[in-house]
Each structure stands twice: as structure tokens, then as C-alpha cells.
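Peer 1: Take this structure, written in C-alpha cells, and hold onto it; I'll ask about it next.
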Amino acid sequence: MKIVFISLVSLVFSLLAPTEIKQTNTATIPLCHGGATDMADFAGDPAFRAQHAEPLPFNYVSAAGEMITFNAPDGKAANGFLLKAKKPSNKWLFVYQEWWGLNDYIKKEAEKFHGDLSDVNVLAVDMYDGAVATKQEDAAKLMQGADKNRLNAIIKGAIAYAGPKAEIASVGWCFGGGLSLQSAILEGKQAKGCVMYYGFPEMDVEKLKTLQTDVLGLFASKDGFISPKVVGQFEENMKKAGEKIEVKMYEADHAFANPSNPKFDKEATEDAYKRALTYLKSRLKA
């Protein structure tokens, strides 16, 4: 993505825990990195902030999408940018933002997927309730201030909005990469696919056992946050859980798919998008 949801470590939020029944999850979203470092520590780390160049001004006017409001189980309304399928469809793709919020870069990325997939509703979920940052310090505050219970409620609200017959896949970058995986866990039997770009993975084997879909992981070998070691442990845990995962490790840095990042890797980004699109078309039959 070019717009990359700057990794969980970049935007970390390792979300919630699922219930045994794969249809409904009631657990909350952990905000920790390997159980040792929380979001506040990452946000205050100069090296972490340095990984994320402030996005250039960008205004995107969509001809196909619109902002919507939907109910969340905590009683508060939630928001999203919705691009409806050209004809009625139960196929959905949830797009998860990076730490900047649901900005115009994310909306453009959502519309790109919408254009390349056939008859799929695409919903870019607003995880910050309308707040959008353009400065690193503001993004750090938003990430630090994100309430794990609220994040959980927003995702559940999006699933309910799609409906009980919806077939759902998800994609996200960095912070959104972790959310994409947690969304798949929450979706239960409705989950059809999960793409995570360098997001911090769920490491609890018992929680991973509740996944009802395989996972495509797109990571970077030079990532100092979601490192090859972290990815390797994730692969091992998925194996222990009896789940399937395909990992592509690029010779690139964290947030390599974000065009505003000085270390943006065009070749890796294009290849990653092709892999993601091929995977989503296959899983959603779109």
C-alpha cells in the first residue's frame, strides 16, 4: 500500500482474543508487543517514529465511495468508507488503516481494491472515530490513546453491518496488518481470507486455533520491529495451531509499501499487491 499502515510495531495493536465458538468473539484486543512492550513505548520511541515519514498533503475525491455510520456493540456509532459492489453481493473486503487514521490515502487504496475485485463490497474501517493525524506526534497520541475495547467494538460493528451471510476477507498494513488478523479471528466462519502487511501477529496458539481462514503475510527482512525472528515464531505458532499461512519476505524495510516512506520499495510494493490481489480473488471468488 502504498499507504501502508505502518506496522504494528509501526502501528501495533495486536487485537483481541476469540471465543471457542468461531462465530462470535467477546475478548478484547491486546495492545502489547510480544507481551512485553505496549503501544505507549513504541509511540515514544524515536526510532519507531523515524520509520514513518509524515504523509504529503493529498486530497482524494472518490466517485464510487461514501462515508457511512454503523452501530457498534458498545453503544457508540462507528464509521467507515464504503464502496459498494456494482451488483448486490455478500462478498466483503475490510481495509484497515495505519496509525495516521482513515485518511485519503487509505480511501484511495480501498478504491483500488474495489476496482480490481469483481462484485465485492469494500469497507475501509475507521478505527480512530474520525480522527486523522498528519504529524508524527499526533499519530503517536492517537495510537497511545486507542482504547482496546473500542477497537474490538468497531470491528464487531463492521462485521454486523456486513451481515450474517457476508463472506469477509481483510487487508491491512502495519497497525492495520495486526488488525486484519484479529478481524479474521473475530469473523469466525464468515472469514474467507486475511492479508497482513508487516503487522504484529497474534502469538497465542489457542487464539490462532480459532481462525477459519488461511493467512497471507507480507513482511520485510530489514524490519526492525516485525523482524524475521518475530515472523518465524508466528509461522511456528500457526503450525502448532494447525492453521495455514503463506509468508513472503521481501528484502526491504518496514513500511516498504508506503509511498510517503523514504524507504518505499516500488518493486516490492507492486509484487506484494499482485500477491494480495491474486489471493483475495481466489478466496472471495472475485
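Peer 1: Taking the stated definitions as given, is Ala272 under 18 Å from the mean Cα position of the chain (by Cα), within 23 Å of Asp104 (Cα to Cα) and either modelled with pLDDT of 95 or more or surrounded by fewer than 18 Cβ atoms within 10 Å (Cβ to Cβ) (or both)?
Peer 2: Judged against the criteria, Ala272 is a match.
Peer 1: State which residue pairs qualify: first residue over 12 Å from Asp129 (Cα atoms) and inside the stretch 140-159, second residue at pLDDT below 85 and open to solvent by 50 Å² or more (accessible area, probe 1.4 Å) in any location, beta carbons under 6 Å apart, and separation of 6 or more residues or different chains.
Peer 2: Hits for this filter: Lys148/Thr28; Asn149/Thr28; Asn152/Thr28.
Peer 1: Here are some residues: Ala160, Ala146, Ala140. Which one is more than 19 Å from Pro57 (Cβ to Cβ) and open to solvent by less than 10 Å² (accessible area, probe 1.4 Å)?
Peer 2: So the residue among Ala160, Ala146, Ala140 that is more than 19 Å from Pro57 (Cβ to Cβ) and open to solvent by less than 10 Å² (accessible area, probe 1.4 Å) is Ala140.
Peer 1: Looking at the stretch 207-216, can you tell me whether even one residue there is touching a Lys or Arg at 6+ places or on another chain (Cβ under 9 Å), in a strand (DSSP E or B) and crowded, with 21+ Cβ neighbours inside 10 Å?
Peer 2: Among the residues of the stretch 207-216, at least one is touching a Lys or Arg at 6+ places or on another chain (Cβ under 9 Å), in a strand (DSSP E or B) and crowded, with 21+ Cβ neighbours inside 10 Å, which makes the answer yes.
Peer 1: Assigned to a strand (DSSP E or B), surrounded by fewer than 19 Cβ atoms within 10 Å (Cβ to Cβ) and among the charged types (D, E, K, R), is that true of Lys229?
Peer 2: No; evaluated as a whole, the condition is false for this residue.
Peer 1: Shifting gears a bit: Considering only the stretch 177-190, state which residues are in contact with a Leu (Cβ under 7 Å, 6 or more places away or on another chain) and either closer than 14 Å to Gln97 by Cβ or surrounded by fewer than 24 Cβ atoms within 10 Å (Cβ to Cβ) (or both).
Peer 2: Within the stretch 177-190, Gly177, Gly178, Leu179, Gln182 qualify.
The values are calculated or read from the model by the stated rules, or taken from the named source; none is laboratory data. Computed from a prediction, not measured in an experiment: that's the story for all the values here. So basically every Cβ, Gly included, is an ideal-geometry build from the backbone, and we count neighbours across all protein chains shown. What goes into the accessible areas is simple: the full protein's heavy atoms, side chains included, and nothing from ligands, DNA or RNA. Shrake-Rupley method; radii C 1.70, N 1.55, O 1.52, S 1.80 Å.
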